[in-house]
Amino acid sequence: MSKTDDDMLREKIAKILGNGLETQTEPFPEDHNQFDEVLRELRQLPSDDLEGKLVVSGFVDHPYGDEQQRCLECMYYLVHRRWCDLPELAVPVEPEWWCRLWRI
Ligand code: SF4
């Protein structure tokens, strides 16, 4: 099966994270206002600024925190597409990844 655009972008993100991009995993937004603040920051980025998105949202390529949270359990994760459906992100992800916009 040939690679889709999603596959290629997912691999690109994996490579960027694997190369040690430092992202803002903290502070984790504790309430609605803090969550919206992160979304506002994301909306201010140029739409093609992939690394910026990863940095602001605190992406990591592994489960995170004491609870080992993952995209897999996040309400924005689309299982069949392996996709983050939060409009401000809208990127392919792996189920074991995480970002600080994680929600259930
Ligand atoms: S919001 Fe974050 S944790 Fe949730 S699916 Fe998207 S990238 Fe994963």
Item to check | Of all residues in region 64-85 being without any contact (Cβ under 8 Å) to a residue 40 or more places away in the chain and touching a helix residue (DSSP H, G or I) at 6+ places or on another chain (Cβ under 9 Å), the one that is surrounded by the most Cβ atoms within 10 Å (Cβ to Cβ) | outcome: C84
Next on the checklist: From the list G52, G18, exactly one residue is at pLDDT 95 or above, of a type in the set (G, A, S) and surrounded by 14 or more Cβ atoms within 10 Å (Cβ to Cβ). Which is it?
Outcome noted: G52
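The values are calculated or read from the model by the stated rules, or taken from the named source; none is laboratory data. Worth saying up front: this structure is predicted, and the values here are computed from it rather than measured. Note: ideal-geometry Cβ built from the backbone for every residue, glycine included; neighbour counts use all protein chains shown.
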